[in-house]
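The values are calculated or read from the model by the stated rules, or taken from the named source; none is laboratory data. Please read these numbers as outputs of a predicted model, since none were measured by experiment. Note: ideal-geometry Cβ built from the backbone for every residue, glycine included; neighbour counts use all protein chains shown. Each accessible area value is taken on the protein alone, full model and side chains, heavy atoms only, with ligands, DNA and RNA left out. Shrake-Rupley method; radii C 1.70, N 1.55, O 1.52, S 1.80 Å.
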Amino acid sequence: MMTYKITILDTDYTFEALPNETLLQAALRQKIPVPWGCGGGICGICLSKIVSGTMVYDGEPLALFEEDVEAGKGLICVGYARSDLVLDVPEMD
């Protein structure tokens, strides 16, 4: 099965994500300590900068505002990888 490589900028953390699992599900499955709160795209705790790659959503997350999208940010808890990703996760660098 195809997987995507997820790299957390300025850390030693990398993990693999399946196309049908959120980045949060993939990170937790591999014991990567990403920040998260609600797990449903509502609180914004997991908001991270997408340095490179493509993240998509099943619907529109409530905590992802237009200015966040314009700034290249995404929500780990409800985002799905559609390519290898490099993320800048503020609480992890």
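Observations
- Residue list for the range 45-54, restricted to those being open to solvent by 40 Å² or more (accessible area, probe 1.4 Å), not aliphatic (A, V, I, L, M) and not in a loop (DSSP other than H, G, I, E, B): 49, 52
Rundown of residues vs (1) in contact with a helix residue (DSSP H, G or I) (Cβ under 7 Å, 6 or more places away or on another chain); (2) open to solvent by 40 Å² or more (accessible area, probe 1.4 Å), yes/no style:
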position	(1), (2)
2	no, yes
12	no, yes
17	yes, no
27	no, no
58	no, yes
65	no, yes
71	no, yes
81	yes, no
89	no, no
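- Every condition in (1) in contact (Cβ under 8 Å) with a residue 60 or more places away in the chain; (2) part of a strand (DSSP E or B) is met by residue 11 except one, and the failing one is (2).
- Residue within the range 55-73 that is more than 16 Å from residue 4 (Cβ to Cβ), free of Cβ contacts under 8 Å to residues at least 40 places away in the same chain and part of a strand (DSSP E or B) present: yes
- With respect to the conditions (1) of a type in the set (Lys, Arg); (2) in a loop (DSSP other than H, G, I, E, B); (3) surrounded by 14 or more Cβ atoms within 10 Å (Cβ to Cβ), residue 31 lacks only one, and its number is (3).
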